[in-house]
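Trainee: Quick one: this structure, given as structure tokens, is what I'll be asking you about.
The values are calculated or read from the model by the stated rules, or taken from the named source; none is laboratory data. Predicted model only: the values in this text are computed from it and were never measured. Cβ atoms come from the backbone with ideal geometry, glycine included; neighbour counts cover every protein chain shown.
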Amino acid sequence: MRIAVLHGPNLRTLGQREPAVYGHETLEEIEDQIRVLGHDLNVEVEFFQSNTEGSLLDFIEAASERVAGFVINAGALTHTSIALRDCLVGVGLPFVEVHLSNTSSREDFRRGSFLASVAGGVVYGFGPESYLLGLRGLVALVEKSSEKT
């Protein structure tokens, strides 16, 4: 099984950006943790980060030919991008939305998500562990779906 993990705007600056909110771990360190878990779950993981909406859409469309699903931290695009929602729905693969911080306890504008209602699940508030929980959940969704076919 192959899974794509997507990181949206500003996530490349993790470890430096608002550590009180997002923690001190870098994106590279988080990806290392995901790789280890992927190996343990017998899942191949690929990563993509972009600060631009169009690049994320292009990646999702291209990757949909080679992956079983997506774990996505869309950052601020979670709260603004109907195009991202439509793209994820359009490729027809399961995905799990993740966030490092507890978006429900933050500013009002961060409490809404265009992705949550069409996601297989949403994990937030656990720091880097959110990605790991999201990967476990997505693998379970994909495996359950393949049992039905």
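The rows are residues; the columns are (1) modelled with pLDDT of 95 or more; (2) in a strand (DSSP E or B); (3) at positive phi; (4) of a type in the set (Val, Ile, Thr).
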| residue | (1), (2), (3), (4) |
| --- | --- |
| Leu6 | yes, yes, no, no |
| Glu29 | yes, no, no, no |
| Asp32 | yes, no, no, no |
| Leu57 | yes, no, no, no |
| Ile72 | yes, yes, no, yes |
| Val96 | yes, yes, no, yes |
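Trainee: Just wondering, is there one or more residues in the stretch 11-23 that are closer than 26 Å to Val91 by Cα and either buried (at least 18 other Cβ atoms within 10 Å of the Cβ) or touching a residue at least 60 places away in the same chain (Cβ under 8 Å) (or both)?
Mentor: Among the residues of the stretch 11-23, at least one is closer than 26 Å to Val91 by Cα and either buried (at least 18 other Cβ atoms within 10 Å of the Cβ) or touching a residue at least 60 places away in the same chain (Cβ under 8 Å) (or both), which makes the answer yes.
Trainee: Residue check, Val67 against (1) free of Cβ contacts under 8 Å to residues at least 60 places away in the same chain; (2) aliphatic (A, V, I, L, M); (3) part of a loop (DSSP other than H, G, I, E, B), all met but one. Which one?
Mentor: With (1) free of Cβ contacts under 8 Å to residues at least 60 places away in the same chain; (2) aliphatic (A, V, I, L, M); (3) part of a loop (DSSP other than H, G, I, E, B) applied to Val67, the lone miss is (1).
Trainee: When Glu143 is evaluated against the numbered criteria (1) part of a helix (DSSP H, G or I); (2) modelled with pLDDT of 85 or more; (3) surrounded by fewer than 20 Cβ atoms within 10 Å (Cβ to Cβ); (4) touching a helix residue (DSSP H, G or I) at 6+ places or on another chain (Cβ under 9 Å), which criterion, by number, is the only one it fails?
Mentor: All conditions are met except number (4).
Trainee: Okay, next question. Can you tell me which residue within the stretch 78-93, out of those that are among the hydroxyl-bearing types (Ser, Thr, Tyr) and more than 14 Å from the chain's Cα centre (by Cα), is surrounded by the most Cβ atoms within 10 Å (Cβ to Cβ)?
Mentor: Step by step, filter the stretch 78-93, then rank; the result is Ser81.
Trainee: Continuing with the same structure: If we keep just the residues of the stretch 12-27 that are touching a helix residue (DSSP H, G or I) at 6+ places or on another chain (Cβ under 9 Å) and either in a helix (DSSP H, G or I) or at pLDDT 95 or above (or both), which is nearest to Ser130 (Cα to Cα)?
Mentor: Checked the stretch 12-27; the qualifying residue nearest to Ser130 (Cα to Cα) is Tyr22.
Trainee: Follow-up. Residues of the stretch 105-125 being modelled with pLDDT under 95 and either over 16 Å from Leu77 (Cα atoms) or basic (Lys, Arg) (or both), which ones?
Mentor: Ser105, Arg106, Arg110, Arg111, Gly125
Trainee: If Phe47 satisfies every condition in (1) within 11 Å of the chain's Cα centre (by Cα); (2) touching a residue at least 60 places away in the same chain (Cβ under 8 Å) but one, which is the exception?
Mentor: It fails just one condition, (2).
Trainee: Every residue in the stretch 72-93 that is within 19 Å of Thr13 (Cα to Cα) and hydrophobic (A, V, I, L, M, F, W, C), please. First the steps, then the outcome.
Mentor: Here is the first cut: in the stretch 72-93, the ones within 19 Å of Thr13 (Cα to Cα) are 72-78.
Correct list: Ile72, Ala74, Ala76, Leu77.
Matching residues to (1) buried (at least 18 other Cβ atoms within 10 Å of the Cβ); (2) at negative phi:
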residue	(1), (2)
Leu37	no, yes
Val45	yes, yes
Ala62	no, yes
Ala76	no, yes
Gly125	no, no
Pro128	yes, yes
